[in-house]
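The values are calculated or read from the model by the stated rules, or taken from the named source; none is laboratory data. The structure presented is a predicted model; accordingly, all values stated were derived computationally and were not measured. Methodologically, a virtual Cβ is constructed for each residue, glycine included, from the backbone with ideal geometry; neighbour enumeration extends over all protein chains shown.
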Amino acid sequence: MPTAMVTGANRGIGLELVRQLLDRDYTVHATYRHDMGGLASLNHPDLVVHQMDVRHADEVAATIENIGPSLDLLVNNAGVADGRWSSVSEIDFDVVAAVMEVNAIAPVRVTQHALPLLAAHGGTVLMITSLMGSIGDCASGRSYAYRASKTALNMFTTAMNNEMQAQNISLLLMHPGWVETDMGGPNAPLSVQESVEGIMARVDEQTLDMSGRFVDYAGTTLPW
Ligand SMILES: NC(=O)c1ccc[n+]([C@@H]2O[C@H](COP(=O)([O-])OP(=O)(O)OC[C@H]3O[C@@H](n4cnc5c(N)ncnc54)[C@H](OP(=O)(O)O)[C@@H]3O)[C@@H](O)[C@H]2O)c1
């Protein structure tokens, strides 16, 4: 039975990832920051729930210690939006730092802690990034910190790729689409179910040779 870990799993895309991974017979280690949210009602024998703020290295270490000896899939899903400032003069740099910490730095920290488990059988790291991190697609601008955080995540991941491949670990940078969640809002065209079905198909087809690709839930290659 394969084993997966999903961060930010109490709601939104993370919660649906947990549901669909359980349906596919994974043992799932689902993490939440404060509130178990939708995880509380899943009641599945293959679900293990951990309290973990992705910003806190001690909590990350404690969670990973309780998973093992191997991890087939790590999903770095937890993320935050920025202040949605309408001009450069409104940017709040404390918020910028907080967004960078959660969206760009924490996924790398969690991956670092999980490396021995991922290397055990040649696992996959799924980074939930965004098309908004694409420099080539940034015609509309704004969302300064959110965009920059996802661009940084894309570069961290790309820079890690050779080293990870040498350990048989595959990296997948995934834009989930514009999805109806608290972050995506009510006008988003995609349901969490549709988005996560696509994400699961991309995970299934992933090979070591594909490591480092930047695609959306439908498998379309995205511009950097
Ligand atoms: N929805 C979209 O249209 C869309 C598009 C592109 C990319 N994405 C990406 O998809 C991922 C999931 O987003 P979503 O739409 O499902 O958003 P969401 O409904 O707002 O969920 C965000 C999740 O991240 C968790 N989180 C935030 N900060 C955390 C921290 N410090 N430690 C642990 N967990 C933390 C939240 O936990 P709490 O409940 O504790 O806050 C929540 O579980 C994010 O990385 C987002 O950037 C979403």
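Given the condition free of Cβ contacts under 8 Å to residues at least 60 places away in the same chain and touching a strand residue (DSSP E or B) at 6+ places or on another chain (Cβ under 7 Å), answer yes or no: does some residue in the range 126-142 qualify?
Taking every residue of the range 126-142 in turn, at least one turns out to be free of Cβ contacts under 8 Å to residues at least 60 places away in the same chain and touching a strand residue (DSSP E or B) at 6+ places or on another chain (Cβ under 7 Å).
For the range 189-224, name all the residues that are closer than 20 Å to residue 147 by Cβ, of a type in the set (A, V, I, L, M) and in a loop (DSSP other than H, G, I, E, B).
222 - this is the single residue of the range 189-224 that is closer than 20 Å to residue 147 by Cβ, of a type in the set (A, V, I, L, M) and in a loop (DSSP other than H, G, I, E, B).
Looking only at the range 6-57, how many residues end up being of a type in the set (Val, Ile, Thr) and surrounded by fewer than 24 Cβ atoms within 10 Å (Cβ to Cβ)?
Total satisfying the criteria: 3.
What are the pairs with Cβ atoms under 7 angstrom where one residue, in the range 59-76, is on the phi > 0 side of the Ramachandran plot and of a type outside the set (A, V, I, L, M, F, W, C) and the other, located anywhere, is part of a helix (DSSP H, G or I) and surrounded by fewer than 19 Cβ atoms within 10 Å (Cβ to Cβ)? Sequence gap at least six, or different chains.
Listed pairs, sorted by first residue: none to list.
Would the range 100-117 turn up any residue that is farther than 14 Å from residue 7 by Cβ, of a type in the set (S, T, N, Q) and either touching a helix residue (DSSP H, G or I) at 6+ places or on another chain (Cβ under 7 Å) or modelled with pLDDT under 95 (or both)?
No, the range 100-117 has no match at all.
Would you tally the residues in the range 61-81 being in a loop (DSSP other than H, G, I, E, B) and more than 22 Å from residue 146 (Cα to Cα)?
7
Quick check on this structure: which one of 221, 157 is more than 14 Å from the chain's Cα centre (by Cα) and of a type in the set (Ser, Thr, Tyr)?
Only one candidate passes the filter, namely 221.
Just to be sure I understand, how many residues within the range 124-146 are under 15 Å from the mean Cα position of the chain (by Cα) and among the small types (Gly, Ala, Ser)?
Of the residues in the range 124-146, the ones under 15 Å from the mean Cα position of the chain (by Cα) are 124-133, 146.
Then keep just the ones that are among the small types (Gly, Ala, Ser); that gives 130, 133.
Of the residues in that region, 2 qualify.
I'd like to verify a number: residues in the range 65-86 that are farther than 12 Å from residue 7 by Cα, among the small types (Gly, Ala, Ser) and modelled with pLDDT of 95 or more, how many? So that I can check it myself, show each step before the final result.
Filtering the range 65-86 down to residues farther than 12 Å from residue 7 by Cα leaves 65-72, 80-86.
Those left that are additionally among the small types (Gly, Ala, Ser): 68, 70, 81, 83, 86.
Applying the additional criterion that residues be modelled with pLDDT of 95 or more yields 70, 81.
Of the residues in the range 65-86, 2 are farther than 12 Å from residue 7 by Cα, among the small types (Gly, Ala, Ser) and modelled with pLDDT of 95 or more.
In the range 49-93, which residue that is β-branched (Val, Ile, Thr) and more than 21 Å from the chain's Cα centre (by Cα) is nearest to the ligand (Cβ to nearest atom)?
So the residue we want is 91.
Please tell me if residue 102 is in contact (Cβ under 8 Å) with a residue 40 or more places away in the chain, closer than 25 Å to residue 33 by Cα and not in a helix (DSSP H, G or I).
Working: in contact (Cβ under 8 Å) with a residue 40 or more places away in the chain: yes; closer than 25 Å to residue 33 by Cα: yes; not in a helix (DSSP H, G or I): no.
Taking the combined requirement at face value, the residue does not satisfy it.
Could you run through the range 135-188 and say how many residues are within 12 Å of the ligand (Cβ to nearest atom), within 24 Å of residue 124 (Cα to Cα) and assigned to a loop (DSSP other than H, G, I, E, B)?
Number satisfying all stated conditions: 3.
I want to confirm something. Restricting to the range 33-48 and keeping residues that are touching a residue at least 24 places away in the same chain (Cβ under 8 Å) and touching a strand residue (DSSP E or B) at 6+ places or on another chain (Cβ under 6 Å), which single residue is farthest from the ligand (Cβ to nearest atom)?
Pass one, the range 33-48, residues touching a residue at least 24 places away in the same chain (Cβ under 8 Å): 33, 35-39, 42, 46-47.
Right, trim to touching a strand residue (DSSP E or B) at 6+ places or on another chain (Cβ under 6 Å) and you get 39, 46-47.
Values: 39: 10, 46: 20, 47: 15 Å.
Selected residue: 46.
Residue 8: within 14 Å of the ligand (Cβ to nearest atom), over 19 Å from residue 63 (Cα atoms) and touching a residue at least 12 places away in the same chain (Cβ under 8 Å), yes or no?
On the way: within 14 Å of the ligand (Cβ to nearest atom): yes; over 19 Å from residue 63 (Cα atoms): no; touching a residue at least 12 places away in the same chain (Cβ under 8 Å): yes.
For residue 8, the condition - within 14 Å of the ligand (Cβ to nearest atom), over 19 Å from residue 63 (Cα atoms) and touching a residue at least 12 places away in the same chain (Cβ under 8 Å) - is not met.
What are the pairs, 6+ residues apart or on separate chains, where a residue within the range 16-32 that is in a loop (DSSP other than H, G, I, E, B) has its Cβ under 8 Å from a residue that is of a type in the set (Val, Ile, Thr) and more than 11 Å from the ligand (Cβ to nearest atom)?
Listed by first residue and then by second, the contacts come to 26/3.
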